[in-house]
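S.K.: Sharing a structure here in structure tokens format.
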Amino acid sequence: VVVTALGIKKETKRLGYATSSATPDQITENRTTNFMNGLQGKMAGVNITPMGTGPSGTSKIRIRGQSSFGAQNSPLIVINGIPIDNTTFGVGGDFGARNGQQGTADGGDGLTSINPDDIESMTVLKGGAAAALYGSRAKDGVIMITTKTGSRNSGLGEEINSNYTSDTPLDFTDFQYEYGQGEFGVRPTAPNPTSGVWSFGEKFEPGMTQV
């Protein structure tokens, strides 16, 4: 039995479309900050790629490949029948340009806030027929997540688990202390310099101080 669109439970052999499921043991087997990264290679037709932006980065999920060149290609995430916003959180655009940042900074997505120990079942709906009830938002498939309710236990219950992960970020920072702020070998003279964090100004000489 799998959970399909709108939380309806059906037998797998009676479905007219393809689905993939992950058990709670598979979800918690490989502990990662974003639990989806630990499911890489465990569901047919689902390609999960951890981004190279750090431990809490976004998880790139593609079901049956890309559906478009320029539009969104990520599946719809539905938790207990409620679609969630899985937008990537980051800094970029005009704000990033004003602060000397190129591109955007990946601050993770909505999946990083989900505790894998709270998941009872997860089903991936593939193709248009499987996700038709969710409309155009589900053009790239749907990931259905059902959380635990505790209804199977009688009285009070307690479950304890712990894990520890360690990551070493790559740091190729190579600061230079030879030239100061400015452009074309000239220090800024205006009250509000336009060179920002550029360090193409005057070369440091003995007696100069950094401010």
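S.K.: Given 160, 143, which one is modelled with pLDDT of 75 or more and not in a loop (DSSP other than H, G, I, E, B)?
M.R.: The unique qualifying residue is 143.
S.K.: Another question, if that's okay. So, in segment 189-211, of the ones that are at pLDDT below 80, of a type outside the set (Gly, Ala, Ser) and surrounded by 10 or more Cβ atoms within 10 Å (Cβ to Cβ), which residue ends up farthest from residue 28 (Cα to Cα)?
M.R.: First, pick out the residues of segment 189-211 that are at pLDDT below 80: 189-198, 207-211.
Now drop any that are not of a type outside the set (Gly, Ala, Ser), which leaves 189, 191-194, 197-198, 208-211.
In the following step, the residues that additionally are surrounded by 10 or more Cβ atoms within 10 Å (Cβ to Cβ) were identified as 193, 198, 208.
Details: 193: 52, 198: 46, 208: 57 Å.
Among them, the one singled out is 208.
S.K.: Still on this structure, please answer the following. Of all residues in segment 30-74 being hydroxyl-bearing (Ser, Thr, Tyr) and free of Cβ contacts under 8 Å to residues at least 40 places away in the same chain, which is surrounded by the fewest Cβ atoms within 10 Å (Cβ to Cβ)?
M.R.: Step one: of segment 30-74, the residues hydroxyl-bearing (Ser, Thr, Tyr) are 32-33, 49, 53, 56, 58-59, 67-68, 74.
Next cut, free of Cβ contacts under 8 Å to residues at least 40 places away in the same chain only: 49, 68.
On the way: 49: 13, 68: 9.
If we take residues in segment 30-74 being hydroxyl-bearing (Ser, Thr, Tyr) and free of Cβ contacts under 8 Å to residues at least 40 places away in the same chain, then 68 is surrounded by the fewest Cβ atoms within 10 Å (Cβ to Cβ).
S.K.: So if I check each of 57, 52, 110, 90, which one is within 17 Å of the chain's Cα centre (by Cα), at pLDDT below 70 and either closer than 23 Å to residue 33 by Cβ or polar (S, T, N, Q) (or both)? Steps first, answer last, please.
M.R.: On the way: 57 fails: at pLDDT below 70; 52 fails: at pLDDT below 70; 110 fails: at pLDDT below 70.
Unique residue meeting the criteria: 90.
S.K.: Would you point out the residue of segment 129-176, among those that are closer than 20 Å to residue 66 by Cβ and among the hydroxyl-bearing types (Ser, Thr, Tyr), that is surrounded by the fewest Cβ atoms within 10 Å (Cβ to Cβ)?
M.R.: This residue is 136.
S.K.: Regarding segment 10-26, can at least one residue be identified that is of a type in the set (A, V, I, L, M, F, W, C) and in contact with a Leu (Cβ under 7 Å, 6 or more places away or on another chain)?
M.R.: yes
S.K.: For segment 93-105, does any single residue satisfy the condition of being at pLDDT 75 or above, small (Gly, Ala, Ser) and more than 18 Å from the chain's Cα centre (by Cα)?
M.R.: Pass one, segment 93-105, residues at pLDDT 75 or above: none.
For segment 93-105, residues at pLDDT 75 or above, small (Gly, Ala, Ser) and more than 18 Å from the chain's Cα centre (by Cα): absent.
The values are calculated or read from the model by the stated rules, or taken from the named source; none is laboratory data. This one's a predicted model, so the numbers in the text were calculated from it and none came from an experiment. Don't worry about glycine lacking a Cβ; one is built from the backbone with ideal geometry, like all the others, and counts go over all protein chains shown.
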